[in-house]
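Everything on this sheet refers to the single structure shown next.
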Amino acid sequence: MKTTETWGEWRWNAVEGKYESGDSASLQGSGEISAIDAFAKSTMLLLGGTGFVGKVLLAMILDRFPELKRLVIQVRRKKKLSGEERFYSEILSSPVLRDIVERAGGEREIRRKVQIVEGDVNAPLCGLSPEQIEQLRGKVDLVVNLAGVVDFDPPVNESFETNVYGAQHLIEIVKLLDAKLVHVSTCFVAGKKNGRISEDAPIVGYFPKRNEGAATFCVADELKWYDDVMEQTRQSSSDTRQLKERLREAGMNRAEHWGWMNTYTYTKSMGEQLVAETPGLDYAIIRPAIVESSLRFPFPGWNEGFTTSAPLVLMGGEGLKGWPVRKDGPLEIIPVDLVAEGILIACAAVLCGKHKNVYHLASADQNPIMLPRLVGFLGMNSRYKHKHKTTGNRLANAWKAYVETQVITVDTLQARRARVHRGLDVIHAALTLGKTLLGEGKVAPYLKSLRDTRRQIRTQEVTIDKFLPFMHHNSFIFETRNIRETARMLTNEDLKRVKWDPESIDWADYWVNIHTKGIERWIRPMFASPKKARA
Amino acid sequence: MNKAAFYDLSGTLLSGNLVMTHGYYARNDRSLLKSAYQLAKVVLSVPLLFALDLRSRARFNDFSFRAYRGMHRDRLIGLADDLFEVTLKPSIYPQSQALIQTTSELGYRNILVTGALDFTIRPIVLHFGFDEVICNRLEFKNHVATGRVLPPLLAEDEKARRIREYATRESIDLTQSCAFSDSSADLPMLSTVGHPVATNPTRRLRRIALEKNWPILELREPSSQFPPFLSHAKAV
């Protein structure tokens with residue numbers, strides 16, 4: 001019987017024009033690649049399998065391809081918890097994997113199939129010991145790397161360590177193990193660009209501004225720059241806070257200099273370039289767009305962390321009205337389970353030697369969701385939430401419920417921000433005056449709530465600014481020809497297990513009934529009390 | 001062979017109807033001014049709808065769906081949960097949930113057969129836990145409703161036809177199945193099953209039910225008895 005727990009089982013099929021439960025009709029494949037056969041003969045080493053995409057991929061491998069010969073998973077130690085302990089206590093009990101493990105025959109069955117190695121991509125040889133390498137040599141056929149620092153603007157060393165040096169360590173062990181490589185990157189390595197982005201652009205030496213001047217880009221030079229900047233900043237900074245802030249700025253400025261929108265995409269691109277310039281390496285680079293809640297697997301609406309559009313959806317739910325987005329642009333998003341399926345399809349292709357070097361995993365090429373529609377959805381969610389809200393100011397709730405969201409320009413945004421800050425300044429001045437006249441006791445609580453309001457507003461502003469490159473400054477459509485062509489080469493039996501079908505997503509149903517509800521359920525609790533969630 | 005319980009929705013399980021649904025969407029248009037204009041249109045159409053309802057349920061549905069013309073599909077889907085909370089949930093009859101639970105426990109597959117629109121009944125389906133839905137769908141062009149329903153319009157004889165079709169496909173024994181409806185417009189639907197139940201019947205349906213010796217059920221009253229074919233098994 002269906003309960004509210006399984007709300008996602010009702011799916012609107014936009015093609016057929018009807019609700020349906022379960023899977024739609026299967027596709028026909030040419031059978032040039034057999035994923036089932038390829039996996040049955042292969043051992044896979046998974047790096048970064050503990051993240052948002054990683055766990056879904058892991059669950060999908062266990063659930064859809066039980067034939068896989070062996071799976072080696074690298075798990076980082078966490079304080080006192082060893083990698084292995086962490087995998088069995090923390091990772092397998094996650095909502096993504098709990099039911100899957102049950103279905104796959106319980107923990108005992110997993111232990112038979114899976115080998116855990118402790119390690120860290122930030123360390124040479126990814127933290128694997130020479131004995132471990134020796135034990136795995138010649139046995140691992142494919143290394144799948146999902147490790148990465150996904151923060152947009154962390155101190156530059158954090159990004160470099162994982163996304164650049166991590167890639168070097170990755171390549172080292174892939175060569176030592178004599179394996180093939182599937183490396184997960186991001187679509188946005190394209191940088192500040194507009195329009196259709198091809199999968200065929202050369203990888204080595206790429207930088208977004210390369211058509212604007214004669215400069216050349218090379219990773220070795222960037223590593224030199226990095227050493228210099230680290231040295232200088234360390235010497236000139238007085239405390240760790242200042243150091244972090246300066247390193248953060250240094251990364252963003254360097255990214256900006258070459259035409260990337262942030263440190264994340266800049267360092268990710270270098271990781272790709274290191275992979276691509278390695279001679280004799282069989283590799284595929286997977287570039288997902290903005291990864292969002294799952295569409296179907298392991299259940300609709302699974303979401304984790306803040307690197308998706310979750311902060312925006314949560315702010316919309318809180319009643320933010322003005323959204324600076326392009327009226328004619330899509331938001332390049334892709335559900336996490338489609339990303340996992342795309343990765344598995346690419347893995348099969350690499351194992352069979354029939355792969356392309358780059359796979360974009362994105363939706364706008366086939367089925368774009370335009371930004372103004374999303375702004376509309378955010379408004380409707382706010383209407384629903386604030387109409388039934390019993391706490392808080394009633395007038396404010398009514399405003400948030402009945403005033404619609406609107407698409408605004410960046411100029412309007414700046415003007416509104418200035419007005420809000422002026423208003424707050426006036427209130428602040430009045431309260432300070434009140435403090436001298438009436439004494440501290442009466443005014444202090446108001447001053448405190450003013451400070452809180454300011455902090456909230458500033459957080460909101462920072463979040464919006466981080467997303468501006470994706471929803472206002474640039475408008476991307478990432479071409480996805482490679483994954484579509486490769487998916488068509490699978491066998492019909494494979495296509496019952498994995499498919500690439502973003503064209504069948506009904507965005508209205510997805511956004512309203514799957515994504516928004518998923519975020520409210522899985523992310524909102526963390527957002528409300530990040531400290532508690534971390535503990 | 002499987003057996004199924006076919007449910008009509010409005011008037012049977014809850015008092016909300018098509019006009020209330022449309023009134024909700026009219027009230028919640030993008031701005032207050034637009035909402036007022038849309039609401040005025042709905043209010044003016046009410047007498048006409050009453051007149052049409054007396055003549056033909058199909059014509060009534062046809063006309064009432066025309067009011068959706070020009071509405072964006074995003075909005076219809078985006079506000080469906082609120083529609084349910086505000087309009088439909090409060091109008092659910094006290095015994096509805098218990099009845100659906102009973103048929104489910106007795107091994108009937110619960111199926112909603114309604115003239116209402118797919119997006120409006122989604123929260124209802126989840127609330128009651130229906131296994132399957134047979135309903136109307138609007139036609140959209142470029143995400144905007146044309147005001148027409150995708151044919152064939154689900155009402156009267158069409159409901160019975162779809163039930164028989166479903167039964168054949170899912171190998172369901174209709175003589176062992178039951179159906180619940182409040183209106184004589186659903187006579188064809190009630191007549192296709194072995195156990196028809198006149199539920200909160202209109203005066204006309206009550207007369208027919210008495211003639212045909214069908215059980216009559218009142219979901220509006222908390223103390224009403226379920227028909228023997230359900231209560232017998234319930235006692236066990």
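The values are calculated or read from the model by the stated rules, or taken from the named source; none is laboratory data. Since we're looking at a predicted model, the values are computed, not measured. Methodologically, a virtual Cβ is constructed for each residue, glycine included, from the backbone with ideal geometry; neighbour enumeration extends over all protein chains shown. Heads up: the accessible areas ignore ligands, DNA and RNA and are worked out on the full protein's heavy atoms, side chains in. Shrake-Rupley method; radii C 1.70, N 1.55, O 1.52, S 1.80 Å.
Listed cross-link partners A:268/A:321; A:224/A:354; A:389/A:517; A:80/A:180; B:34/B:159 are compared with a 28 Å cut-off, the Cα-Cα value being larger for A:268/A:321; A:224/A:354; A:80/A:180; B:34/B:159. Given in Å, the Rg to one decimal and the Dmax to the nearest whole number for the Cα atoms of region A:86-202 are 17.4, 50.
In region A:256-297, Rg over Rh equals 1.10, where Rg is the alpha-carbon radius of gyration and Rh the Kirkwood radius from pairwise Cα distances. Suppose we look only past 34 Å in the calculated P(r) of chain B. What percent of the Cα-Cα pairs does that tail hold? Pairs farther apart than 34 Å: 15 percent.
Running Debye on region A:172-237 with equal point scatterers at the Cα sites and no solvent, what base-10 log of I(q)/I(0) appears at q = 0.24 Å⁻¹? Taking Cα atoms of region A:172-237 as identical point scatterers yields -1.10.
Region A:226-304 and region A:99-123 have Cα centres separated by 28 Å. Remark: region A:482-487, residue by residue, has Karplus-estimated 3J(HN,Hα) of 4, 5, 5, 5, 5, 4 Hz, where x stands for each Gly or Pro and the curve is 6.51 cos²θ - 1.76 cosθ + 1.60 at θ = phi - 60°. The equivalent ellipsoid of region A:173-301 has semi-axes of 28, 20, 18 Å, largest first, where each one is the square root of 5 times an eigenvalue of the Cα gyration tensor. Once you have the alpha carbon radius of gyration of region B:1-126, what is it after dividing by 2.2 N^0.38 Å, with N set to its residue count? Its radius of gyration relative to the 2.2 N^0.38 Å reference: 1.16.
Give me the accessible area per residue for region A:79-147, probe 1.4 Å, as a whole number in Å². Don't skip to the end; give the middle numbers.
Details: 3670 Å² over 69 residues.
Per-residue value: 53 Å².
Subtract the Cα-Cα distance of residue A:215 and residue A:81 from 0.36 nm times their separation in residues, and report this length gain in nm to one decimal. Don't skip to the end; give the middle numbers.
On the way: separation 134, 0.36 × 134 = 48.24 nm, distance 4.75 nm.
Between residue A:215 and residue A:81, full extension yields 43.5 nm more.
Find, among the trypsin sites (Lys or Arg not before Pro) in region A:124-188, those assigned to loop by DSSP (not H, G, I, E, B) with at most 16 other beta-carbon atoms within 10 angstrom. For trypsin sites (Lys or Arg not before Pro) across region A:124-188 that sit outside H, G, I, E and B with at most 16 neighbouring Cβ atoms in 10 Å, the list reads A:137, A:139.
How much length is gained on full extension from residue B:176 to residue B:46, taking 0.36 nm per residue of separation minus their Cα-Cα distance? Don't jump to the answer; show the numbers that get you there.
On the way: separation 130, 0.36 × 130 = 46.80 nm, distance 3.97 nm.
42.8 nm is the gain from fully extending residue B:176 to residue B:46.
Database remark: amide H of residue A:115 closer than 5 angstrom to the amide H of A:71, A:72, A:73 (H placed geometrically; neighbours at sequence offset of 5 or more, or on other chains; Pro and chain starts carry no H).
Computed with the Debye formula from one identical point scatterer per Cα of region A:298-394, without solvent, the log10 of I(q)/I(0) at q = 0.11, 0.16, 0.21, 0.24 Å⁻¹ comes to -0.49, -0.85, -1.17, -1.30. Helical runs assigned H by DSSP (4 residues or longer) give chain B a calculated mean residue ellipticity at 222 nm of -14000 deg cm²/dmol, each run adding -39500 (n - 2.57) before division by the residue total. Using all pairs of distinct alpha-carbon atoms, the Kirkwood hydrodynamic radius of region B:145-234 works out to 14.3 angstrom. Taking max minus min of the alpha-carbon positions on each principal axis, region A:381-420 gives extents of 35, 18, 10 Å, largest first. Dimensions of region A:198-270 based on its C-alpha atoms, expressed as ranges along the principal axes with the largest first, amount to 45, 19, 19 Å. Averaging the Cα positions of each part gives two centres, and for region A:37-87 and region A:360-424 these lie 39 Å apart. Remark on region A:31-89: hydrodynamic radius 12.6 angstrom, per the Kirkwood mean of 1/r across alpha carbon pairs. Cross-link partners of residue A:175 among aspartates and glutamates, defined as those whose alpha carbon lies under 14 angstrom from its own and excluding same-chain residues fewer than eight positions apart: A:134, A:141, A:277, A:282. The reciprocal of the average 1/r between distinct C-alpha atoms defines the Kirkwood hydrodynamic radius, which for region A:378-520 equals 20.3 Å. For region A:257-397, DSSP calls about 10 percent of its internal beta bridges antiparallel. Between amide H atoms placed 1.01 Å from N, distances below 5 Å from residue A:76 occur with A:119, all of them 5 or more places distant or on a separate chain.
Placing a pseudo-label 7 Å from each Cα along the Cα-to-Cβ vector at residue A:112 and residue A:245 gives an inter-label distance of 5.8 nm. Here region A:412-486 was treated as a single set of alpha-carbon atoms; its pair distances binned every 5 Å from 0 give 3, 12, 15, 15, 12, 9, 8, 6, 5, 4, 3, 3, 2, 2, 1 percent. When only Cα pairs below 8 angstrom with a gap of at least 6 residues are kept, region A:144-293 shows a relative contact order of 44 percent.
Between residue A:283 and A:181, the built amide H atoms are under 5 Å apart, and every one of these is 5 or more places off in sequence or on another chain.
With viscosity set to 0.692 mPa s at 37 °C, what whole-number translational diffusion coefficient in µm²/s follows for region A:351-396 from Stokes-Einstein and a Kirkwood radius over Cα pairs? Answer from the Stokes-Einstein relation: 221 µm²/s. For region B:79-172, the orientation-averaged shadow of the C-alpha convex hull comes to 7.3 nm² (one quarter of the hull surface).
Relative intensity of region A:249-358 on a log10 scale, I(q)/I(0) at q = 0.09, 0.10, 0.11, 0.17 Å⁻¹, equals -0.36, -0.44, -0.53, -1.11, per a Debye sum over C-alpha point scatterers of equal strength in the absence of solvent.
With both residues required to sit in chain B, DSSP beta bridges show an antiparallel share near 20%.
Of the beta bridges DSSP finds with both residues in the protein assembly as shown, what % are antiparallel, to the nearest 5? Provide the component values of the computation, followed by the final result.
Details: 11 of 68 bridges.
Taking every DSSP beta bridge within the protein assembly as shown, about 15 percent pair in antiparallel fashion.
Need one number for chain A: average projected area of the convex hull over its C-alpha atoms, nm². Mind dumping the intermediate values first?
Values: hull surface 113.3 nm².
If I average the Cα hull's projected area over directions, I get 28.3 nm².
Ranking A:184, A:150, A:220 by Cα position along the charge dipole of region A:138-236, where only Lys, Arg, Asp and Glu carry charges on their C-beta atoms, puts A:184 farthest toward the positive end. Across chain A, the relative contact order, built from alpha-carbon pairs under 8 Å that are at least six residues apart, equals 21 percent.
What does the charge add up to near residue B:42, with Lys and Arg as +1, Asp and Glu as -1, over the other residues with Cβ less than 12 Å from its Cβ? Intermediate values should be presented prior to the final figure.
Working: positive: B:27, B:41, B:66; negative: B:29.
The answer is +2.
Identify, among A:338, A:284, A:310, the residue whose Cα sits farthest towards the positive end of the charge dipole of region A:282-340, taking +1 on the Cβ of Lys and Arg and -1 on the Cβ of Asp and Glu, with the dipole about the Cα centre. Positive-end residue among those listed: A:310.
DSSP loop (so not H, G, I, E, B), at most 16 other Cβ within 10 Å: list which GluC sites (Glu not before Pro) in region B:140-236 pass both filters. Here the GluC sites (Glu not before Pro) that fit, given the DSSP loop and packing criteria, are B:170, B:218.
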